[in-house]
Amino acid sequence: MSTVIAGSPPDSAIDNKLFLRMYRRMVMIRLFEEQVNDLYTRALMPGLAHLYIGEEAIAVGVCEALRADDYITSTHRGHGHCLAKGAAIDRMFAELLGKEAGYCKGKGGSMHIADPDTGNLGANAIVAGSAGIATGAAFSSKRLGNGRVTVCFFGEGALGQGVVYEVMNMAALWKLPVIYVCENNMYNEYTHISETAAGDILARGPAFGVPSESVDGQDVRAVYAVTKRLVDRARKGEGPAFLMANTYRFMGHHVGDISREYYRSKQEEQKWKSERDPIKVATEAILAQKITDQAALDQIQSEVKAEIENGVQFAMAAPYPNVDKVEQDVYA
Amino acid sequence: MPETAVAVRELTLGEAVREALAEEMRRDSRVFIMGEDVAEAGTAFKVLSGLVQEFGPDRVLDTPISEPGFTGIGVGAGMTGMRPVVDIMFGDFAGLIMDQMANQAAKIHYMSGGKWKCSMVLRTTLGATRRSAAQHSQSLHAWFCHIPGLKVVMPSTPYDAKGLLKSAIRDDNPVVFYEDKMMYKLKGPVPEEDYTIPLGVADVKRQGDDITIIATSSMVQVALGAARLLEEQGVSAEVVDPRTLWPLDEKTLIDSAKKTSRVIVVDEGYGRYGATAELASVIQENAFFDLEAPVKRMGAMHVPIPFSPPLEDATVPNERTVCEAALALCGK
């Protein structure tokens, strides 16, 4: 896997303001997820959550390349995608705690955050469950001529689902503006990808005539640059693309997956955390290029920390939905 | 049906379905049809013949043989401003599309706290005795009735098919619309003027005093035939067609049961855990003390539909078996 963790050269086309904005957004996701883990550990959160720690550069780099009215679909590991697309921290936490003020009035929870205002068609707890939805949204955009592009996020585990290939085939036939973003963190839950995916992952798209690329998913600048190119292409009517972002899940499959040695080594985890942490990678580049100094980055960290604390306090204090709401919203 | 002095035009059920689609496509540019062989072929049953000539291949869209994929695209398109009518040639293919319908289409409105809607119609077929064997003959509508968030429509006449399909297309929820393959050539009066039939309103197809036969879709004509046989034996049968299994017009069913005090429920789906079980429960829970006899259920036998004609014919209720059951219930 040495090629997977190789870094990308810095892209000078990305301006400093954008880089710092992406840095802040990655920090927000990191601190959000650490807070989620803390809530779970203290038994303050119902259910489970699948943390995005380690993969922040993908959601941030991809969503920065999108317009506000572009669509995304997300996964069970979706907090990062929702935040990167513009979700508010307080309403995210409220949803995770099952509160009325949450994005889905508490009915969706961690794995189902959806928000039309930020173009979020919904996180989906069926692996590859949103492949059809994303492609259908792209179909609408093409028919309605509204210029919107859809990004379908999924993990490499979804490569085992036939529906992914069905919709890629149709997206290519009909030149739909959809980007399939495969976040390859190498583990389908607790099983290494070498046991689940045969052949060359990047050869799957070209079989349908879908241009496919891979990117270092730990480098937010690289993710942004390649996504921007693919999105521009899709928006011009040139059809779908497949992007594999190589990354690593720093935590377990979910918050309760603590003992992981039976499927991956501590050394492997440590190597990724010390060498390929997307926030460290960004920090080093920012300081090396003298975009700003450590004090300014510390300032961003403390500002985001305060936002997270405010968000959690809001959610903890918010009321649960009244039980009489249980039958509301079954039908439109 | 409105009384009219002039002779009303007659259409087959297939023609009524086609006319409903054409009228809705003229009325609303967001309505489109997608499925296998829907365009030039006009479907395997020729129900859609001529539509592609009027509306073009962008709105009458032939798909690959990828039922989960294009159903999923329908879900996404229905969430983002289009009104897809997805054609699933045989109802038996429900097994292929169930995740898209049960986990995606049915749940997005609720999971998103009422923010996303999925306006789509899934047209498909039911019915045995066409010598199509076990994988092309089932009536699996109960599967969809089991899932909150879906509506299930079961027309039994050309008039109902047209009015109900127009309502289904205008509905903001996912609606599964069942057509009996054996009834496509059935003729009946269909007025020229625009009309819709609301979902959730049953229709008394025949008035009677001694026994109620609640029948759905293909079994309504069977029940009417049985009622004519019963009349010869001096038994007055009332035939009630729920028209939609969800929403369900319980009141009309209960009122008829209380009036006649005897009830048979006939549905072509499998009897065990099927639609008949639910309909019989509604009667027993609400009209038990008005009944002179236990509610009788008649559905498909609990066997895969066999190919050999005498075997296949034995698996589903017919006029004679319904008549015999009614006579037994009346103590004759």
- Note on the structure: Restricting segment A:98-116 to residues that are more than 11 Å from A:Pro321 (Cα to Cα) and in contact (Cβ under 8 Å) with a residue 24 or more places away in the chain, the one nearest to the other protein chains (Cβ to nearest Cβ) turns out to be A:Asp115
- Restricting attention to segment A:173-211, report how many residues are assigned to a loop (DSSP other than H, G, I, E, B), closer than 26 Å to B:Phe70 by Cα and touching a helix residue (DSSP H, G or I) at 6+ places or on another chain (Cβ under 8 Å). 10
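Residues being in contact (Cβ under 8 Å) with a residue 40 or more places away in the chain and either assigned to a loop (DSSP other than H, G, I, E, B) or among the small types (Gly, Ala, Ser) (or both): count how many of those fall in segment B:170-194.
Step one: filter segment B:170-194 for residues in contact (Cβ under 8 Å) with a residue 40 or more places away in the chain, giving B:170-192, B:194.
Checking which are either assigned to a loop (DSSP other than H, G, I, E, B) or among the small types (Gly, Ala, Ser) (or both) leaves us with B:171-174, B:184-186, B:188, B:190-192, B:194.
Here the count works out to 12.
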- From the list A:Gly132, A:Gly122, which residue is under 30 Å from B:Arg59 (Cα atoms), in a strand (DSSP E or B), facing chain B (nearest Cβ under 7 Å) and touching a residue at least 12 places away in the same chain (Cβ under 8 Å)? A:Gly122
- Of all residues in segment B:207-252, which are part of a helix (DSSP H, G or I), crowded, with 23+ Cβ neighbours inside 10 Å and hydrophobic (A, V, I, L, M, F, W, C)? B:Met219, B:Val220, B:Val222, B:Ala223, B:Ala226, B:Ala227, B:Leu230
- Query: Are any residues in segment A:67-85 crowded, with 24+ Cβ neighbours inside 10 Å and of a type in the set (A, V, I, L, M), and if so, which ones?
  - Reply: A:Ile72, A:Leu83, A:Ala84
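Does segment A:140-151 hold any residues that are in contact with a Ser or Thr (Cβ under 6 Å, 6 or more places away or on another chain) and either in a loop (DSSP other than H, G, I, E, B) or more than 10 Å from every other protein chain (Cβ to nearest Cβ) (or both), and which are they?
Let us first name the residues in segment A:140-151 that are in contact with a Ser or Thr (Cβ under 6 Å, 6 or more places away or on another chain), namely A:140, A:148.
Result: A:Arg148, single match.
Listed here are the residues, each with its yes/no results for (1) at pLDDT 95 or above; (2) part of a loop (DSSP other than H, G, I, E, B).
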| residue | (1), (2) |
| --- | --- |
| B:Asp92 | yes, no |
| B:Thr125 | yes, no |
| B:Arg130 | no, yes |
| B:Ile147 | yes, yes |
| B:Leu164 | yes, no |
| B:Ala168 | yes, no |
- Query: Quick check: is even one residue across segment A:152-161 more than 13 Å from chain B (Cβ to nearest Cβ) and on the phi > 0 side of the Ramachandran plot?
  - Reply: no
- Check A:Met168 against each of (1) within 22 Å of A:His79 (Cβ to Cβ); (2) crowded, with 24+ Cβ neighbours inside 10 Å; (3) within 14 Å of chain B (Cβ to nearest Cβ) and name the one condition it does not meet. (1)
- Message: Pairs needed: first member in segment B:308-329, assigned by TED's automatic domain parsing to the domain that holds B:Glu238; second member anywhere, of a type in the set (S, T, N, Q) and crowded, with 19+ Cβ neighbours inside 10 Å; C-beta distance under 8 Å; at least 6 residues apart or different chains.
- Response: B:Glu312/B:Ser137
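Keeping to segment B:83-104, report how many residues are buried (at least 24 other Cβ atoms within 10 Å of the Cβ) and in contact with a strand residue (DSSP E or B) (Cβ under 8 Å, 6 or more places away or on another chain).
As a first pass, look at segment B:83-104 and keep what is buried (at least 24 other Cβ atoms within 10 Å of the Cβ): B:84-87, B:91, B:97, B:100-101, B:104.
So of that shortlist, the ones also in contact with a strand residue (DSSP E or B) (Cβ under 8 Å, 6 or more places away or on another chain) come out as B:84-87, B:91, B:97, B:101.
Residues that pass the stated criteria total 7.
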- Which numbered condition A:Gly47 fails, given (1) crowded, with 24+ Cβ neighbours inside 10 Å; (2) touching a Gly at 6+ places or on another chain (Cβ under 8 Å): (1)
- Message: Given the condition over 20 Å from B:Pro158 (Cα atoms), without any contact (Cβ under 8 Å) to a residue 24 or more places away in the chain and touching a strand residue (DSSP E or B) at 6+ places or on another chain (Cβ under 9 Å), answer yes or no: does some residue in segment B:231-245 qualify?
- Response: yes
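The values are calculated or read from the model by the stated rules, or taken from the named source; none is laboratory data. On a predicted model such as this, the values are computed, not experimentally measured, just so you know. Glycine also receives a Cβ, built like all others from the backbone with ideal geometry; neighbour counts cover every protein chain displayed.
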